[in-house]
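Here is the structure we will look at, set down as C-alpha cells.
The values are calculated or read from the model by the stated rules, or taken from the named source; none is laboratory data. Just so you know, these numbers come straight off a predicted model, no measurement behind them. When we count neighbours, we look across all protein chains shown, and the Cβ atoms used for this are built from the backbone with ideal geometry, even at glycine. Areas reflect the complete protein model, heavy atoms only, side chains present, ligands, DNA and RNA absent. Shrake-Rupley method; radii C 1.70, N 1.55, O 1.52, S 1.80 Å.
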Amino acid sequence: MSSIPQPVQFGEAADQISRSQPAGPCVLVIFGVLGDLAKRLLFPALWNLARERLLPEQFAVVGFGRGDLSQQQFREQIRANLQDADGRRAGGAAEAEWLLSRLSFVQSDFTDADGYQRLAAALREVDQNRATGGNYLFYLATAPEFFLEVTERLGRADLLRQTEGRSRRVVVEKPFGRDLASARQLNRDLLRVAAEEQIYRIDHYLGKETVLNILVLRFANGIFEPVWNRRYIDHVQITVAETLGVEARGGYYDHTGALRDMVPSHLMQVLALTAMEPPSSFSADAVRNEQVKVLHAIPPLGARECGICAVRAQYTGGEVEGVRLRGYREEERVAPGSETETYAAMKLAVDNWRWAGVPFYLRTGKRLAARNTEVVIQFRHAPLTLFRAASVELPSANRLRVRIQPEESISLLFAAKAPGPRVTVRPVEMRFCYRDYFGQAGQTGYETLLYDAMNGDASLFKRGDMIEAGWSVVTPVLEAWESPLSPLCFYPAGSEGPEASNELLKRDGYQWMPLK
Ligand code: BG6
C-alpha cells in the first residue's frame with residue numbers, strides 16, 4: 001500500500017497550534033443543552049475529543065436550559081445520552097467520567113435576565129475551580145429565534161467583553177436567516193453586540209473530512225488544478241440526497257423547505273470549495289475571501305429562468321423493500337395540503353474566467369432512493385480522431401467522482417481497451433476509499449469544529465458575507481417559488497426524484513448520476 005499522506009493544516013492558528021495539542025483553557029457554555037443537537041452530536045463529539053486527549057485539564061461545560069433538574073440529575077441525563085450515542089461513540093468510560101465531572105447546569109429560560117446573572121456567577125466559580133482563565137465559548141444550540149436574544153443578553157451580562165487576553169466567542173447554528181434580507185439583518189444585529197471575530201457561524205458540512213478533502217484534492221496535488229477549468233470540464237453535478245424523511249421535524253421543515261434548509265448553507269459550501277480560486281494561504285480570511293468571490297460570481301436566476309432552471313418537488317407515499325413510506329403531507333406536524341418542497345434542483349452558472357460556460361447542477365432531497373452526497377466533475381470528451389476508423393462507440397467522458405457520504409471515496413472513470421483482438425473501448429474506474437487508508441473513525445463531524453472554535457481558528461466557520469452570498473443565490477428562487485403559478489412536482493418516496501429534474505439535465509444532453 002502507498003504511504004499515508006501527511007495531514008494538511010488549515011487556519012491562521014495552524015502555525016501555532018498543532019491539531020495534536022489539547023485546546024486552550026476554556027468553558028463551553030451550551031444553550032439548549034437538553035436538546036437534540038447537544039444530545040446526538042455535541043456531547044458525543046466532546047467525548048471523542050476527550051478520548052483523543054484534545055481537551056485541556058482546564059476545561060468545563062456549563063449547560064443552560066429550561067429543564068427542572070438538579071446538578072446530579074443533569075449529569076445523569078448526559079450520562080444516559082452518552083450511552084445512547086452508541087454508533088458514534090468512540091470514547092471510553094474513563095473519558096466519559098472525566099467529562100461528566102466537569103459538567104454543571106444553569107436552569108433558566110433564554111429570555112430571563114436573572115438566568116444570565118446566575119450563568120455569570122457559575123462561570124466565575126468554574127474559572128476558580130478549573131483555572132479556565134475567563135475564556136468562554138457560548139454555543140447556541142437553540143431555535144433560531146433565540147440567536148440574537150441570547151447574544152444580546154450575554155452582552156448585557158458583560159459576558160462578551162474580551163479583556164486581558166480572555167476570549168469570548170459565540171457559535172451560531174443554522175438556519176442563519178430565512179432569506180437574504182433576514183440574514184443581513186441578523187448579521188447587523190449580532191455585530192452590534194459582538195465583533196465579527198467573536199462570531200462562529202457553523203455549517204456542519206465543514207466538519208466532514210471529505211468536504212474538506214476537496215481543498216486538499218485540488219490544491220495539494222499537481223495533476224488536478226491544471227485541468228480544473230472550462231477548457232477541460234464539461235459540467236459539474238452536486239448532489240445531497242437523503243433517504244430520511246422529515247422525521248420529528250415536520251413543524252420546522254414545513255415552514256422551511258428543501259431549498260432554505262440545504263442550499264444556501266451546505267450545497268453552496270460544497271460548490272464554493274469545488275469552484276473557488278486557490279487562496280494565497282490557508283488562513284481563515286484567505287480561504288473565506290475566495291469562497292465569497294466565487295459565490296458572488298453566480299448570477300442570480302431571473303424570474304423567468306427560475307421556471308426553466310429550477311425544480312421544486314415533494315415526496316408522495318412510496319415503498320422501499322416492501323416497507324410502505326408515507327407521503328410528506330401525511331407526516332406529523334405537516335399541513336395536509338402543504339406546498340412545501342422536499343426536493344430542489346437547479347442549474348447555475350459561475351461567471352468568471354475559470355468557469356464561464358460550465359453548468360453546475362445542484363440537487364437535494366429527502367426520501368430518495370439512497371443517501372448520497374457527492375460532487376461529480378465531468379470532463380470533456382476526448383476528440384477520438386484516433387478511433388474514428390475503428391468504429392468504436394464514443395466511450396463515457398472522464399469523470400471524477402468525489403463521494404462525501406455515506407461512502408467516503410474518490411474515483412476516476414476513464415476508458416481502457418478491453419482485452420481481445422478488436423479495439424473495444426470500455427469505461428473503467430480507479431478508486432480511493434478513505435476507509436482503506438485511514439480506517440473508520442467514529443466521529444460526529446463536530447469534533448474539529450468544536451476544537452477549532454475553542455482555539456479561535458475560524459477557518460471552518462462562515463463569515464457574515466459568505467452567508468449573505470449563499471442567500472443571494474437562493475433568494476430569487478424562493479421568491480419565484482412563492483408565486484401560485486410556480487409548479488410543484490411530485491416523486492414517490494424511495495425514488496430517484498422527480499422527472500422534471502431529469503429533464504433539467506436532459507435538455508442539455510446530460511443525465512444525473514444514479515443515486516445508488
Ligand atoms: C441539516 C438539515 O442542516 O442537514 C437537515 O437541517 C438535513 O434537514 C441535514 O437532514 C443533513 O446533514 P447530513 O450531515 O446528514 O448530510
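For HIS235, the amide hydrogen comes within under 5 Å of the amide hydrogens of GLN378, counting only partners 5 or more places away or on other chains and with H modelled in the peptide plane.
The lysines within cross-link reach of LYS462, meaning a Cα-to-Cα straight distance under 28 Å and a gap of 8 or more places when in the same chain, are LYS39, LYS174, LYS208, LYS293, LYS347, LYS366. For the stretch 158-172, putting each phi into the Karplus relation 6.51 cos²θ - 1.76 cosθ + 1.60 with θ = phi - 60° gives couplings of 6, 9, 9, 7, 9, 10, 6, x, 7, 9, 10, 10, 10, 9, 10 Hz, in residue order, rounded to whole numbers and with x for Gly and Pro.
Based on Cα contacts under 8 Å between residues 6+ apart, the chain shows a relative contact order of 19 percent. Amide H to amide H, with H built 1.01 Å from N, ALA141 comes under 5 Å of PHE31, counting only residues 5 or more places away or on other chains. Of the DSSP H helices in the chain, none is both long (alpha-carbon extent of 24 Å or more along the helix axis) and hydrophobic (Kyte-Doolittle mean at least 1.6).
Which of rounded, prolate or oblate describes the chain when judged by the alpha-carbon gyration tensor and an a/c cut-off of 1.5? Prolate, since a/c reaches 1.5 and a/b exceeds b/c. The mean accessible area for residues of the stretch 60-177, using a 1.4 Å probe and ignoring ligands and nucleic acids, is 45 Å² per residue.
Of the solvent-accessible surface of the chain, computed with a 1.4 Å probe over protein heavy atoms with every protein chain present, carbon and sulfur atoms account for 51 percent. Between amide H atoms placed 1.01 Å from N, distances below 5 Å from TYR200 occur with VAL170, VAL171, VAL172, all of them 5 or more places distant or on a separate chain. Quarter the surface of the alpha carbon convex hull of the stretch 77-201 and you get the mean projected area, 9.3 square nanometres. Taking the Cα centre of the chain as the origin and placing charges on Cβ (Lys, Arg +1; Asp, Glu -1), which of LEU99, PHE432, LEU215 is farthest toward the positive end of the dipole? Comparing the listed Cα positions along the dipole, PHE432 ranks first. Per residue, the solvent-accessible area of the stretch 198-276 (1.4 Å probe, heavy atoms of protein chains only, all protein chains present) comes to 29 Å². Taking Cα centre as origin and charging only the Cβ of basic (Lys, Arg, +1) and acidic (Asp, Glu, -1) residues, the dipole magnitude of the chain rounds to 1260 debye. All C-alpha to C-alpha distances of the stretch 463-503, sorted into 10 Å bins beginning at zero, yield P(r) values of 23, 31, 33, 12 percent in whole numbers.
When both bridge partners sit in the chain, DSSP labels roughly 55% of those beta bridges antiparallel. In order along the stretch 200-206, the phi-based Karplus estimate (6.51 cos²θ - 1.76 cosθ + 1.60, θ = phi - 60°) of 3J(HN,Hα) comes to 10, 8, 8, 10, 5, 5, 6 Hz; Gly and Pro are listed as x. Phi angles of the stretch 356-366 translate, via the Karplus equation with coefficients 6.51, -1.76, 1.60 and θ = phi - 60°, into HN-Hα couplings of 3, x, 9, x, 10, 9, 10, 8, 8, x, 9 Hz per residue; Gly and Pro are given as x. Rolling a 1.4 Å probe over the protein heavy atoms gives the stretch 359-516 an accessible area of 47 Å² per residue.
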